[in-house]
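Working notes, structure below.
Readers should treat all values here as calculations from the given coordinates under stated rules, not as data from a laboratory. Just so we're clear, the structure is a prediction, and the values are computed from it rather than from any experiment. Reconstructed Cβ throughout: ideal geometry from the backbone, glycine too, with neighbour counts over all protein chains shown.
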Amino acid sequence: MDSIIVTGGRQLNGQIPIAGAKNACLTLMPATLLTDEPLTLTNAPRLSDIRTMSVLLESLGVEVSSLQEGKVQVMSSANLTSHKADYDIVRKMRASILVLGPMLARDHQAVVSLPGGCAIGARPVDLHLKGLEALGAEIELIEGYVHARAPGGLRGAVFEFPFVSVGATENILMAATLARGTTVLKNAAREPEIRDLADCLNAMGARIDGAGTSTITIEGVDALHGATHPVVIDRIELGTYMLAPAITGGEVELLGGRLDLVAAFAEKLDEAGINVAEGENGLKVTRRNGRVNAVNVETAPFPGFPTDLQAQMMALLTTAEGVSVLEERIFENRFMHAPELMRMGAEIEVHGGTATVTGVERLKGAPVMATDLRASVSLILAGLGAEGETVVNRVYHLDRGYERVEEKLSACGAKIERVSENG
Ligand code: UD1
């Protein structure tokens, strides 16, 4: 398994290009299952999660061609050979559940393994299933698999989510495009990735209105056609790299960055004493003089502060002046980075969903363990600001969600290298 070694204490200056969004691409790819014509995605990120989704789609009979080193994904679902998403692939990635809605909508049948829990919480899929049932699906759970059928096809319905779920909104939105009649989704997730999915589906001939707001209306159509769609930029990668100069000092321009995608997060950076300016090419982030201020953060569905930036924000606040309180409201067990940051000298107390961080002058490098995707990058960020060497072990999590992290950071002057176990 690879490790990443970061030697802290260097200011960062330069430019970092932001890739297409992992979470958008993982929901756009299953949309291929809704049509027998090719779907082409441009600006796709080059990540292991994207390869996992390709493998899953290929196991169903989708032809996937990865062009321009993976930046372009062309998929054709003209000849599906299976309607079963196997446990062996699904267990690697929860987003696999997103093949359920589209397969059911187009071919009226699907069998998908239950994804199970993951490190950050139980993460059930009950809302995905309830929404599909509201559209007329018959669902049975047999030996760890969801067996879904819709004899005669899905039909439009009004469905209100009891709480906001990104994945469930995406699954049901895709399914509703081919349902007979009108579907209204209430209390839908408003994440930019949902809007991106709706834009792509509309380019494929769907009739969706209101994506990006909490009420989405879908007029079902008989069939969708092929399209070419650019994946929206990754607001979580953007936010992560905005924190790099915030931690080290210096000035970094995030190419392709947009303030509207990270507004709540940028507000917190401003409170902490970090300058964020939007220009023609993206966002420029500069750290003002002195230590950053402590700030309180509460995660929430979009447009609130994203749970996927909570770990990275904590890395910044470990050296803030004063006490910061971080409240995690989306997942029940998402502070696994805290004990690792404490190994580097951070002062953090965790009680349930609340972490209290008392800022220290400086962290010290240490060997640490990456426990999940966002936690691993938070340790790298912490290492950039720490004194001495930080070795982040188990970085395979990182490769699921960040392309070329060492290249992007070293281009701005960071001392960071990957060491593989075999040499
Ligand atoms: C997506 C993102 C993930 C992000 C999360 C929250 C992808 C591939 N992943 O995950 O990076 O952290 O949104 O912004 O886009 N829940 C249920 N029942 C369900 C579905 C969800 O109880 O059927 C719960 C979850 O356990 C969690 C909360 O609802 O506590 C929100 O989860 P959800 O928005 O669905 O997250 P994902 O779509 O899995």
Principal axis box of region 1-101, alpha-carbon based, largest edge first, Å:
54, 27, 21
Taking a temperature of 25 °C and a viscosity of 0.890 mPa s, what whole-number D in µm²/s does Stokes-Einstein yield for region 96-220 with Rh from Kirkwood over alpha carbon pairs?
172 µm²/s
Hey, in the GNM for the chain with a 10 angstrom Cα cutoff, which one of VAL368, VAL158, VAL72 fluctuates hardest?
VAL158
Rounded to the nearest 10, the angle in degrees between the Cα long axis of helix 192-203 and the longest principal axis of the Cα atoms of the chain comes to 30 degrees
Taking every pair of alpha-carbon atoms in region 167-282, what share in percent sits in each 5 Å bin, from 0 to the bin with the longest distance?
2, 11, 19, 17, 13, 11, 11, 8, 5, 2, 1, 0
Just the C-alpha atoms of the chain: what Rg/Rh do they give, with Rh taken as the Kirkwood radius?
0.98
Between the Cα axis of helix 48-59 and the main Cα principal axis of the chain, the angle (0 to 90°, nearest 10) is 20 degrees
Under the Karplus relation 6.51 cos²θ - 1.76 cosθ + 1.60, θ = phi - 60°, what is the ordered set of whole-Hz ³J(HN,Hα) values for region 318-334, x standing for Gly and Pro?
4, 10, 6, 7, x, 10, 10, 10, 10, 10, 9, 9, 9, 10, 7, 9, 10
MRE, 222 nm, helices only [DSSP H, n ≥ 4, -39500 (n - 2.57), over the chain, to nearest 500]:
-8500 deg cm²/dmol
Coil-residue GluC sites (Glu not before Pro) of region 328-423, DSSP, other Cβ within 10 Å capped at 13
GLU332, GLU361, GLU421
Starting from the amide H of VAL146, placed 1.01 Å from N in the peptide plane, find each other amide H under 5 Å away whose residue is 5 or more places distant or on another chain.
VAL112, SER113, LEU114
How much of the pair distance distribution for region 259-345 lies past 16 Å, counting alpha-carbon pairs only, in percent?
56 percent
Given springs between every Cα pair under 10 Å in a Gaussian network model of the chain, which of ALA411, ALA188, ALA346 has the largest fluctuation?
ALA411
Using alpha-carbon positions, what is the distance between the centroids of region 7-69 and region 276-324, in Å?
26 Å
Could you state the per residue volume, in Å³, of the convex hull enclosing the Cα atoms of region 345-409?
96 Å³
So which GluC sites (Glu not before Pro) in region 120-162 pass both tests, a DSSP loop state and at most 16 other Cβ atoms within 10 Å of the Cβ?
GLU143
For a quick size check, give me the Cα extents of region 20-60 along its three principal axes, largest first, whole Å.
25, 20, 12
Of the beta bridges DSSP finds with both residues in the chain, what % are antiparallel, to the nearest 5?
70 percent
What are the principal axis extents of the Cα atoms in region 20-177, in Å, biggest first?
41, 37, 29
Against the longest alpha carbon principal axis of the chain, how many degrees, from 0 to 90 and to the nearest 10, is the axis of helix 263-272 turned?
10 degrees
